[in-house]
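Taking it in order: structure first as structure tokens, then the write-up.
Every number in this text was worked out from the coordinates using simple rules, so none of it is lab data. Computed from a predicted structure; not experimentally measured. Heads up, the Cβs are rebuilt from the backbone with ideal geometry, glycines too, and the neighbour counts pull from every protein chain shown.
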Amino acid sequence: MIDKLERALKGGMATAREITDAKYALARRAELEKLIDVAYSEVDSPLGPLMAAATPKGLALLHYGEDDEALQQLADKISPRVLHAPARLDEVRKELDEYFDGKRKRFDFRIDWRLMAPFQQKVLKATYRIPFGKVATYRDVATKAGAPKGSRAAGNALGANPIPIVVPCHRVVRTGGGLGGYTGGLHRKEFLLELEGVTLGPR
Amino acid sequence: MLPPFQEFLDTHAPLVHRFLAASVPPHEVDDCFQETFIAALRSYPTLRNDSNLRSWVLTIASRKAIDGHRQRKRVDVTAQPIEDRPAPEEPEKDPELWAAVRELPPKQRAAVVLRYVNDLPFREIGRILDCSEAAARQSSKAGLDRLREVWR
């Protein structure tokens, strides 16, 4: 028995205003009130769209592609207070742009290492110190991580790198000059090495 | 397992916005919306699971709408001039109706809006307003009857 009054109420007022602005305003206020545990933003790159996520401590994730699964992992592993708040990623985006333009050789923003297991963290911190345009072998980074015989484990740790490009796992190659693997796809590893002027070959 | 807050926000923002747009004066909608989701964000990590997230956020929204109502009454008592209110972007289609909705007692108003604007079942409305299904139905009916007297 829907009557005229009920029909008039249905769906609300004609002025149901755009809520996108309200959501942006919310993100700004949530940042001011320090309520965002994980802020994320999309980042354009020559390698396709990336998703960057930062805690107040620094960049925690740089993900090839944009998928909800990565956000759910952040929610589960860090905090469910995950919000699209691009402002926190401004510096990251600027430095990545400069890197891809060939104008930057190291990143100055801070990194939050917490998504990495302890051994992985050692491997990736060793990797982080490989300079722009240089390469190291899996054995090199395994040794620096305190496991000279752990090349394979180091390879696994690198394969699960949550912050590729910035933690430059693309600079780790096989002894003898082979390219090795890359979770983001070998074409991306080749692109990044080429960008940095590295040519591989038998040594 | 809780979804990322952004997903929760994207899912429920339209519903909450419609609820508030029908419940508070136009210039207060955005404020109430912010207050609702800031409060939700604050306590989000303490939720134990993702069941009833919709009811949960509408409970918060209905309280914020009532808080705003109380504050308005205080302001009216002290007769403060209210200046520079932003005008709504479009004129409401049925301004008398929505003015009458906003004049309803808070519980009747919430029940009417949740039932007829948001199209929720009385069982859930009861959960949102912390009362029984029957009481929710009763509040909604009382509100609707009252609207019939003033709107035609």
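In segment A:146-164, which residue that is buried (at least 21 other Cβ atoms within 10 Å of the Cβ) and in a loop (DSSP other than H, G, I, E, B) is farthest from the chain's Cα centre (by Cα)?
As a first pass, look at segment A:146-164 and keep what is buried (at least 21 other Cβ atoms within 10 Å of the Cβ): A:154, A:157-158, A:161-164.
Right, trim to in a loop (DSSP other than H, G, I, E, B) and you get A:161-164.
Values: A:Asn161: 9, A:Pro162: 6, A:Ile163: 4, A:Pro164: 6 Å.
Only one residue fits best here, namely A:Asn161.
When A:Leu186 is tested against (1) surrounded by fewer than 19 Cβ atoms within 10 Å (Cβ to Cβ); (2) touching a residue at least 24 places away in the same chain (Cβ under 8 Å), only condition (2) is not met. If you check A:Ala60, A:Ala85, A:Ala117 for being of a type outside the set (Val, Ile, Thr), within 24 Å of A:Arg174 (Cα to Cα) and either without any contact (Cβ under 8 Å) to a residue 60 or more places away in the chain or buried (at least 18 other Cβ atoms within 10 Å of the Cβ) (or both), only one passes: A:Ala117. So which residues in segment B:90-129 are away from chain A (no Cβ under 12 Å), outside any helix (DSSP H, G or I) and within 14 Å of the chain's Cα centre (by Cα)? Scanning segment B:90-129 gives B:Pro105, B:Leu120.
Using beta carbons and a limit of 7 Å, which pairs, at least six apart or on different chains, have the first residue in segment B:16-44 and at the interface with another protein chain (Cβ under 7 Å from one of its Cβ atoms) and the second one acidic (Asp, Glu)? Close Cβ pairs (under 7 Å, with a partner that is acidic (Asp, Glu)) amount to B:Ile38/A:Glu33.
Among the residues of segment B:8-64, the ones that are of a type in the set (A, V, I, L, M, F, W, C), outside any helix (DSSP H, G or I) and surrounded by fewer than 17 Cβ atoms within 10 Å (Cβ to Cβ) come to 1 in all.
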